[in-house]
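**Q** Supplied in structure tokens, the structure appears directly below.
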Amino acid sequence: MADPSSYRPSPGQIPDSPGVYKFRDEHRRVIYVGKAKNLRQRVANYFQDLAHLHPRTRTMVTTAASVEWTVVSTEVEALQLEYTWIKEFDPRFNVKYRDDKSYPYLAVTLNEEFPRVQVMRGAKKKGVRYFGPYGHAWAIRETVDLMLRVFPVRTCSAGVFKNAARTGRPCLLGYIDKCSAPCVGRVTPEEHRELAEDFCDFMAGRTGTYIRRLEKDMMQAAEEMEYERAARLRDDAGALKRAMEKSAVVLADATDADLIAVAEDELEAALQIFHVRGGRVRGQRGWVTDKVEAVDTAGLVEHALQQLYGEERGDAVPKEVLVPALPEDTAAVSQWLAERRGSQVSLRIPQRGDKKDLMATVQRNAQQALGLHKTKRASDLTTRSRALEEIAEALGLDAAPLRIECYDISHLQGDDVVASMVVFEDGLARKSEYRRFQIKGFEGQDDVRSMHEVIGRRFKRYLQEKERTGEWEQPPPVSGEAPHPAQSPLDPVPTQVPPAPGSAQAPSLPDSPQGVPAPAADATDPRDTDPREGDGREDDGRPKRFAYPPQLVVVDGGQPQVAAARRALDELGIDDIAVCGLAKRLEEVWLPDDDDPVVLPRSSEGLYLLQRVRDEAHRFAITYQRSKRAKRIRSSPLDDVAGLGETRKQALIKHFGSVKKLRQATIEEICQVPGIGRRTAESVAAALAAAAPAAPAVNTATGEIMEEDDGGTS
């Protein structure tokens, strides 16, 4: 625990201008970001008597080791910079709303030549028009099915579209007139795009124009005695009305507005957002967050506005935003929203009428969401705290392990041996810091040696980062004695991680006394397929790779795996990180140098948390191992040709039909493929000649030798 007075800046150093400030911990990681109209007044508030601070603020300032600030011109700039830094640094003590990516949207891919209507989840993509979010994907599909009668826009995947274009036959939707079939040229790209834009206009709330136009055309067709056409137009208008009825009118004045409601207690807060377009509810979503900072309802609303509109532009920001409490600096937030929309945005609290009644409905949804969240065991803050305390007590730790790392080894009969590292902070998974390893110190199946190698590689990178930042210094060896492993824990620093200026490189780590060779020094070997397993980033406060140490290392296994992990740490001179193992057979917890396991009660929250950590490490490892195995099975001799990418490989296979026929081709014939020069053709021929052809397949029922006719392997 740090003393805030040790890093408190003098009042004269802090400007009295608007700006944004950052608190960093002892590892230089940003743990809190805030903004202020007057930096001097705001920052000084954090350094008053600890007894007068809110408990969460007190925890933050005692965890921090330094504070810094950036001056900006206006409060709007401060708001934008605060949002940017929270998104970039992911500070531990800032309120962050999660789970937004789970909601389905109705998306129209206007960035394609032939726009497609589909259900999308996840991060938004440039050039795609989104509507929603919706509570369920089936609600989107029902709406789309009704609207395709009037707006027959493409809904098929790229593969189906290309196949239809190749065969000249549209899919079923094309035959029943629910697709305009641009794949076979029934409409031009321009006509199809116009249909897609009309679809978007209708979904955006401009519904009356289309219904009136259909009804007018229907009456005209009836007068001209074109009764079949009139009946179809009548059905089309009915389909659009049914699609509209699925979202009832809630605001009679056809308002475009977002309504935000908050339900909170001392520990957590739930937000619900209703998106109203054209007076109808077009989407709904919600978040639940831990109140890790001292924040009131107005502060929660401000954070929600940043989250909702930080990446949005134009009509995605509505004309009106209704909230339960106004942010501290309403004028600056309103101006920020107006800049993102391009026109005035009204930010206010509804006082009467339909809008106040609808806000009450949104508030009830928020209360229900908070109550439902409280019943979820894994996300309950009280339960997580109890689990961490039980683990600390059972393992004899000085404090609760706020950061836990778990490692697992996965392979298939000794092939494709990989390892995983998962991270849990405050009892919750932190997936951005998961890492994957390839075992490269030896061949074959040996879980104990694999665990030793992975732990050594991970913490070697941690020590390299400490040495680079000057937090760790090598003690000089005693004269006449060989360096002890604890005195020389680092191998020569790889090229991707330059040593600190003026520092000497440490000697290599000797083999362990037990005969297990030291782990490979370079965790960023080109053979590693995971680009995330690399060197730490610059010292700017972002979460660095391998730079933040855990309080507890958990390994999937029993005594041998735990001993290997402890040995790897001892060889690096690390003695302040606890190690344990969780064996699957009886769910026993093993500690280094203990002959008997620690047995936690089956109802223990601590055991439940360790099981979740172990199971997540197993899932992550086996997923990686399966992907490597699948990639190896799909491998081809063409993969070894330098400079030959996927596009040209596919062109070669498409031209010749199979690898077998390509192997029989001459260099001149290979040169005839578009994009293949003579030098590349010679490399392809040499690679195929060096690779022995696969043994012919045999039909076990008839004894017939099957001819090779695949397009991807040999």
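The values are calculated or read from the model by the stated rules, or taken from the named source; none is laboratory data. Keep in mind it's a predicted model, so treat the numbers as computed, not measured. Ideal geometry is used to build each Cβ from the backbone, glycine not excepted, and the neighbour counts take in all protein chains shown. Note: areas computed on protein heavy atoms with side chains; ligands, DNA, RNA excluded. Shrake-Rupley method; radii C 1.70, N 1.55, O 1.52, S 1.80 Å.
**Q** Residues in region 468-484: is at least one at pLDDT 60 or above and either in a helix (DSSP H, G or I) or under 21 Å from R567 (Cβ atoms) (or both)?
**A** For region 468-484, residues at pLDDT 60 or above and either in a helix (DSSP H, G or I) or under 21 Å from R567 (Cβ atoms) (or both): present.
**Q** Next question, about the same structure. Are any of the residues in region 96-106 within 30 Å of E264 (Cα to Cα), free of Cβ contacts under 8 Å to residues at least 60 places away in the same chain and polar (S, T, N, Q)?
**A** yes
**Q** State the number of residues belonging to region 1-13 that are open to solvent by less than 40 Å² (accessible area, probe 1.4 Å) and in contact with a Phe, Trp or Tyr (Cβ under 7 Å, 6 or more places away or on another chain).
**A** Residues in region 1-13 being open to solvent by less than 40 Å² (accessible area, probe 1.4 Å) and in contact with a Phe, Trp or Tyr (Cβ under 7 Å, 6 or more places away or on another chain): 1 in total.
**Q** I'd like to check something: does region 127-143 contain any residue that is over 22 Å from D235 (Cα atoms), open to solvent by less than 70 Å² (accessible area, probe 1.4 Å) and β-branched (V, I, T)?
**A** The answer is yes, given that some residue of region 127-143 is over 22 Å from D235 (Cα atoms), open to solvent by less than 70 Å² (accessible area, probe 1.4 Å) and β-branched (V, I, T).
**Q** Can you tell me which of Q118, Q41 is out of contact with any Gly (no Cβ under 7 Å at 6 or more places or on another chain) and in a strand (DSSP E or B)?
**A** On the way: Q41 fails: in a strand (DSSP E or B).
The match here is Q118.
**Q** Could you please find all residues in region 19-38 being buried (at least 17 other Cβ atoms within 10 Å of the Cβ) and either in contact with a His (Cβ under 7 Å, 6 or more places away or on another chain) or closer than 21 Å to L300 by Cα (or both)?
**A** First, pick out the residues of region 19-38 that are buried (at least 17 other Cβ atoms within 10 Å of the Cβ): 19-25, 27-36.
Scanning region 19-38 gives G19, V20, Y21, K22, F23, V30, I31, Y32, V33, G34, K35, A36.
**Q** So E390 clears everything in (1) part of a helix (DSSP H, G or I); (2) open to solvent by less than 30 Å² (accessible area, probe 1.4 Å); (3) at pLDDT 85 or above except one condition, right? Which one?
**A** In the conditions (1) part of a helix (DSSP H, G or I); (2) open to solvent by less than 30 Å² (accessible area, probe 1.4 Å); (3) at pLDDT 85 or above, E390 misses (2) alone.
**Q** Kindly list the number of the only condition in (1) crowded, with 20+ Cβ neighbours inside 10 Å; (2) in contact (Cβ under 8 Å) with a residue 60 or more places away in the chain that fails for A204.
**A** Evaluating A204 over (1) crowded, with 20+ Cβ neighbours inside 10 Å; (2) in contact (Cβ under 8 Å) with a residue 60 or more places away in the chain leaves (1) as the failure.
**Q** May I pose another question? Which pairs turn up if I take residues in region 636-649 that are polar (S, T, N, Q) and look for partners that are at pLDDT below 75 and open to solvent by 20 Å² or more (accessible area, probe 1.4 Å) with beta carbon separation below 9 Å, at least 6 apart in sequence or on another chain?
**A** Cβ pairs passing all conditions: S636/A691; S636/G712; S636/T713; S636/S714.
**Q** Could you list, ordered by first residue, the pairs with Cβ atoms under 6 Å in which the first is in region 183-201 and within 11 Å of P152 (Cα to Cα) and the second is of a type in the set (F, W, Y) and open to solvent by less than 60 Å² (accessible area, probe 1.4 Å), at least 6 apart or interchain?
**A** That search, which allows pairs on different chains as well, returns H192/F114; L195/F151; D198/F151; F199/F151.
**Q** Among (1) of a type outside the set (D, E); (2) part of a loop (DSSP other than H, G, I, E, B); (3) touching a helix residue (DSSP H, G or I) at 6+ places or on another chain (Cβ under 7 Å); (4) open to solvent by 10 Å² or more (accessible area, probe 1.4 Å), which single condition is G444 missing?
**A** It is condition (3) that G444 fails.
**Q** Look through region 212-251, keep the residues that are open to solvent by less than 60 Å² (accessible area, probe 1.4 Å) and charged (D, E, K, R), and return whichever of them is modelled with the lowest pLDDT. Write out each step before concluding.
**A** Residues of region 212-251 that are open to solvent by less than 60 Å² (accessible area, probe 1.4 Å), as a first pass: 214, 217-218, 221-222, 230-231, 233, 236-240, 243-244, 247, 250-251.
Now restrict to residues that are charged (D, E, K, R): 217, 236.
On the way: D217: 81, D236: 76.
The selected residue is D236.
**Q** Inspect all residues belonging to region 48-56 and state whether any of them is surrounded by fewer than 16 Cβ atoms within 10 Å (Cβ to Cβ), more than 18 Å from S17 (Cβ to Cβ) and touching a strand residue (DSSP E or B) at 6+ places or on another chain (Cβ under 9 Å).
**A** Within region 48-56 (the criterion being surrounded by fewer than 16 Cβ atoms within 10 Å (Cβ to Cβ), more than 18 Å from S17 (Cβ to Cβ) and touching a strand residue (DSSP E or B) at 6+ places or on another chain (Cβ under 9 Å)), the answer is no, since none of the residues qualifies.
**Q** Taking the condition within 30 Å of I404 (Cβ to Cβ), among the hydroxyl-bearing types (S, T, Y) and at pLDDT below 80, does S636 pass?
**A** Details: within 30 Å of I404 (Cβ to Cβ): no; among the hydroxyl-bearing types (S, T, Y): yes; at pLDDT below 80: yes.
No; evaluated as a whole, the condition is false for this residue.
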